[in-house]
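The values are calculated or read from the model by the stated rules, or taken from the named source; none is laboratory data. This is a predicted model, so every value here is computed, not measured. Here Cβ is always computed from backbone atoms with ideal geometry, including for glycine, and neighbour counts include all displayed protein chains.
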Amino acid sequence: MNIDADDFTLLGLPRTFALERAQLDAAWKSLQARVHPDRFAAEGAASQRVAMQWAVRVNEAHQRLKDPLKRAAYLCELAGVPVNAENNTAMPGAFLMQQMQWREALEEAGSAADVEALQGDVLADRKARIARVTQLLDGTPPADAASAAQEVRALMFIDRLLEEVDSRLEQYEDL
């Protein structure tokens, strides 16, 4: 085992976007059982510190790979195309228009049913984009990390909007 290996290699998983959650969790549990600091309690403080570093690294890999957006961004980065969502907010005009329409619809929503309808539309778009990311990263022809990175940035916008939608729905529940 190499602590500097990429997350997929570390966990013994294929380097693909479409991961089965059960397979990911099983790989994580198996590796975590091997490196957990409690297993090294009798071997002294130095061994426990090393085991703790391993346990932290394994947990970080699991956290990154279990989240679809983090996993997609990580695959893009491994392919040499970092998402850079903090610095690269350039999006196609059509997507920006869609964002504006969704935000206006949320602002103008007069009932929980209106917000739920918007939520359904946004979730459908999100599902389609996740499918596109899967195709871009795992499909043939070879991976298109640049296009996948753009989709990941769009999905980050969508997830923020969905948080706002959820917050608005909670306001209706409190009434």
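From the list LEU65, LEU69, LEU136, exactly one residue is touching a residue at least 60 places away in the same chain (Cβ under 8 Å) and in a helix (DSSP H, G or I). Which is it?
When all the criteria are applied, what remains is LEU69.
What's the total number of residues in the range 22-40 that are at pLDDT 95 or above and either of a type in the set (D, E, K, R) or more than 18 Å from LEU65 (Cβ to Cβ) (or both)?
Qualifying residue count, the range 22-40: 2.
I'd like the full set of residues that are more than 16 Å from GLN63 (Cα to Cα) and aromatic (Phe, Trp, Tyr), limited to the range 1-53.
Across the range 1-53, the qualifying residue is only PHE40.
Scan the range 93-107 and report the pairs whose first residue is assigned by TED's automatic domain parsing to the domain that holds MET156 and whose second residue is assigned to a helix (DSSP H, G or I) and basic (Lys, Arg), with Cβ atoms within less than 9 Å and a gap of 6+ or a chain change.
LEU106/ARG168
Out of everything in the range 10-36 that is over 18 Å from the mean Cα position of the chain (by Cα) and polar (S, T, N, Q), what residue ends up being surrounded by the fewest Cβ atoms within 10 Å (Cβ to Cβ)?
SER30
Identify, from the list ASN87, ASN59, the residue that is assigned to a loop (DSSP other than H, G, I, E, B) and surrounded by fewer than 18 Cβ atoms within 10 Å (Cβ to Cβ). Working first, answer last.
On the way: ASN59 fails: assigned to a loop (DSSP other than H, G, I, E, B).
Of the residues listed, the single one that is assigned to a loop (DSSP other than H, G, I, E, B) and surrounded by fewer than 18 Cβ atoms within 10 Å (Cβ to Cβ) is ASN87.
Could you list, in sequence order, all residues of the range 1-24 that are of a type outside the set (Phe, Trp, Tyr), closer than 24 Å to ARG132 by Cα and outside any loop (DSSP other than H, G, I, E, B)?
ASP7, ARG21, ALA22, GLN23, LEU24, listed by residue number.
With respect to GLN48, is the statement that it is in contact (Cβ under 8 Å) with a residue 24 or more places away in the chain and part of a helix (DSSP H, G or I) true? Please lay out each step first, then the result.
On the way: in contact (Cβ under 8 Å) with a residue 24 or more places away in the chain: no; part of a helix (DSSP H, G or I): yes.
So GLN48 fails the test.
Here is a yes/no grid of residues against (1) touching a helix residue (DSSP H, G or I) at 6+ places or on another chain (Cβ under 7 Å); (2) assigned by TED's automatic domain parsing to the domain that holds THR16; (3) of a type in the set (A, V, I, L, M, F, W, C):
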residue: ALA85; (1), (2), (3): yes, no, yes
residue: GLY120; (1), (2), (3): no, no, no
residue: ARG129; (1), (2), (3): yes, no, no
residue: LEU136; (1), (2), (3): yes, no, yes
residue: THR140; (1), (2), (3): no, no, no
residue: ARG160; (1), (2), (3): no, no, no
residue: ASP166; (1), (2), (3): no, no, no
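Return the pair list, or none, for Cβ contacts closer than 8 Å from residues in the range 147-162 that are under 20 Å from ALA105 (Cβ atoms) and in a helix (DSSP H, G or I) to residues that are at pLDDT 95 or above and small (Gly, Ala, Ser), at least 6 apart or on different chains.
Correct list of pairs: LEU155/ALA72.
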